[in-house]
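Enquirer: Once you've had a glance at the structure underneath, I'll fire off some questions.
Nothing in this text is a laboratory measurement; each read-out follows from the coordinates by a stated rule. Everything numeric in this text was worked out from a predicted model, so none of it was measured. FYI the Cβ positions are ideal-geometry reconstructions off the backbone, even for glycines, and counts take in every protein chain you see.
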Amino acid sequence: MMRSVITGTGSYIPPEIIKNAAFQDHVFYTNESRPLEVPVQEIISKFKAITGIEERRYAPPEITASDMAAEAARAAIADSGIDPETLDQIIVAHNYGNVVPVTHQSDCVPSLASRVKFNLGIRNPSCIAFDLLFGCPGWLQGLIQADINCRAGAASRCLIIGTETLSKVIDPADRDSMLFSDGAGACIIEYKDTHEQDTGILGSCTQSDCGEEAFYIHYGKSYAPAGDHYIHYIKMKGRKVYEYAVSQAPRAMKACLDKSGISIHELKKIFIHQANEKMDAAIVHELYKLYNTRPPAGIMPMSIGHLGNSSVATIPTLYHLVKKGLLEDHRVSSGDVVLFASIGAGMNINAVCYREH
């Protein structure tokens, strides 16, 4: 049977480590520009308890999202052993493009995918490079799109990258700024005959809720009273996002499993977008509740504690770490069934069921 198989993975984890203590001198404000009355140390302590984040990674000022994407891509290409000139498509998922220093402007012309192709030195004009904006689920939607293109005969070998420099679009006056980080993750998929193994992408599910949910995550002015209101930053209605994710994501994940003909008990790992440890745990708990059972120990690898939330980069980075044995107590082997799932701005949800090759 012909299926889309992941043949290589790679990531770029920025070198600068920002611990929670780095925020202890910040003055945080409400969305009405009033100072939070809670002591900063208490805010940080509660933040750690809810999100699980102890530290996050920031890219150096001179490093852009497309730079990181190219590094992750090189690693994935090397891991797969392919000739990059044989790639049919390069799909780069992001939300803010290359952020211009000081101005916080988003530079997306040419596209990040075009820049990655340039940085990789790929000359083949039949290698099509394009960007995808889909909130945090962008990399996973890129994987879904690549699989569709392969099955339609439009491609047979694709590079999918998720990259983001959120540290360049966070508002220092907003406590949610502690969530976000930078990074890039990538994979190569190849459409090939898996013979009797039935490995590769087994099924997928995507949904978009764009009523009032569309603006749960948006771009807005600083919460600081004296902030430059012409410069906008990433903003989030945290409680709304949490409620939406916990109520909607498990249903989409179940729909994906059911569509793929996979029992919940066959799952080896769930690679979920590293948004918030408490929220992710609640989503997985609710998924298993839909099957009248409980999640087994070790089902959900987590990297958010030391890498933070790097949006589109969290899942491919986490998957790469587990594939290479770089995350303690987590492994995947040939034949294992895993579920990828993500939730983010739009609001968008997607899931992919995959059997390891």
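Enquirer: Note the angle between two axes, namely the Cα long axis of helix 277-290 and the longest principal axis of the Cα atoms of the chain, as a number of degrees from 0 to 90, rounded to the nearest 10.
Expert: Taking Cα atoms only, the helix is inclined about 50 degrees.
Enquirer: Connecting C-alpha atoms closer than 10 Å in a GNM of the chain, tell me which of 129, 73, 184 has the biggest fluctuation.
Expert: 129
Enquirer: Quick check on the exposure proxy: order 140, 321, 36 from fewest to most C-beta atoms within 10 angstrom. Please list the in-between numbers first.
Expert: Working: 140 29, 321 20, 36 15.
The fewest-first ordering by Cβ neighbours comes to 36, 321, 140.
Enquirer: Around residue 19, under 9 Å between beta carbons, what's the net of Lys plus Arg minus Asp minus Glu among the other residues? Please report the intermediate quantities before stating the final value.
Expert: Values: positive: 56; negative: 54, 55.
Once positives and negatives cancel, what remains is -1.
Enquirer: Only Cα pairs within less than 10 Å get springs; with that Gaussian network setup on the chain, which residue of 66, 33, 204 has the largest fluctuation?
Expert: 33
Enquirer: Students often check this: by mean Cβ neighbours within 10 Å, which of 106-114, 291-299 ranks highest, and how do the rest follow?
Expert: Numbers: 106-114: 17.8, 291-299: 12.2.
The peptides rank, most packed first, as 106-114, 291-299.
Enquirer: Among bridges DSSP assigns within the chain, what percent are antiparallel (round to 5)? Present the calculation step by step, with values, prior to reporting the outcome.
Expert: Values: 47 of 63 bridges.
Approximately 75 percent, going by the DSSP bridge assignments.
Enquirer: Between residue 357 and residue 212, take the C-beta separation as r, use R0 = 25 Å, and let me know the FRET efficiency to the nearest 0.05. Working shown, then result.
Expert: Working: r = 41 Å, r/R0 = 1.65.
FRET efficiency, residue 357 to residue 212: 0.05.
Enquirer: Enter the Cα centre distance for the pair region 276-337 and region 126-159, rounded to the nearest angstrom.
Expert: Computed from Cα coordinates, the inter-centre distance equals 23 Å.
Enquirer: Cα axis of helix 40-51 to longest principal axis of the chain: angle in degrees, 0 to 90, nearest 10?
Expert: Approximately 20 degrees, to the nearest ten.
Enquirer: Express as a percent, rounded to the nearest 5, the fraction of DSSP beta bridges in region 2-193 (both residues included) that run antiparallel.
Expert: On the way: 26 of 36 bridges.
Of those bridges, close to 70 percent are antiparallel.
Enquirer: Hey, another quick one. How much net charge surrounds residue 169 when only other residues with a Cβ under 13 Å from its Cβ are counted (Lys, Arg +1; Asp, Glu -1)?
Expert: Combined, the nearby Lys, Arg, Asp and Glu give -3.
Enquirer: Can you show me the helix-derived [θ] at 222 nm for the chain, built from DSSP H runs with n ≥ 4 at -39,500 (n - 2.57) apiece and divided by the number of residues, rounded to the nearest 500. Before the final figure, lay out the partial values.
Expert: Values: 8 runs with 102 residues, N = 357.
Calculated mean residue ellipticity at 222 nm is -9000 deg cm²/dmol.
Enquirer: Something else: Which ³J(HN,Hα) values, rounded to whole Hz and listed in residue order, are derived for region 81-89 from phi using the Karplus coefficients 6.51, -1.76 and 1.60 in 6.51 cos²θ - 1.76 cosθ + 1.60 with θ = phi - 60°, glycine and proline given as x?
Expert: 3J(HN,Hα) across region 81-89, in whole Hz: x, 8, 7, x, 5, 8, 5, 8, 9.
Enquirer: Treat each spin label as a single point 7 Å out from the Cα along the C-beta direction, and report the residue 239 to residue 197 distance in nm.
Expert: About 4.9 nm separates the two model spin labels.
Enquirer: For a test of the definition: using alpha carbon positions, the gyration tensor, and the 1.5 limit on a/c, classify region 183-228 as rounded, prolate or oblate.
Expert: Working: a/c = 6.83, a/b = 2.45, b/c = 2.79.
Oblate.
Enquirer: To continue, here is another question. Tell me, how many Å apart are the Cα centres for region 1-52 and for region 75-106?
Expert: Between the Cα centres of region 1-52 and region 75-106 lies a distance of 23 Å.
Enquirer: Please give the length that would be gained between residue 42 and residue 154 if that part of the chain were fully extended, namely 0.36 nm times their separation in residues minus their C-alpha to C-alpha distance (nm, one decimal). Each step should come with its number before you reach the end.
Expert: Working: separation 112, 0.36 × 112 = 40.32 nm, distance 5.35 nm.
Roughly 35.0 nm would be gained on extension.
Enquirer: What's the ranking of 191-197, 235-241 by average number of surrounding C-beta atoms within 10 Å, highest first? Could the numbers behind the result be given before it?
Expert: Values: 191-197: 13.1, 235-241: 16.6.
Result, highest mean first: 235-241, 191-197.
Enquirer: Got a sec? How would 44, 144 order by Cβ neighbour count within 10 Å, fewest to most?
Expert: On the way: 44 20, 144 23.
Listed from fewest to most nearby Cβ atoms, that is 44, 144.
Enquirer: Okay, which of region 18-61 sit inside 18 Å, backbone N to the point 7 Å along the Cα-Cβ direction of residue 278?
Expert: Once the point is set 7 Å along Cα→Cβ of residue 278, 20, 37-55 turn out to lie under 18 Å by backbone N, inside region 18-61.
Enquirer: Of 57, 151, 123, how do they rank once you tally other Cβ atoms within 10 Å and put the fewest first? If you can, show how the numbers build up before the last one.
Expert: Working: 57 21, 151 14, 123 9.
The order, fewest Cβ neighbours first, is 123, 151, 57.
Enquirer: Here's something else I'd like to know. Of the listed peptides 325-338, 154-167, what is their order by residue-averaged count of other C-beta atoms within 10 Å, with the highest listed first? Walk me through the intermediate numbers first.
Expert: On the way: 325-338: 13.3, 154-167: 27.4.
Highest-to-lowest ranking by the protection proxy: 154-167, 325-338.
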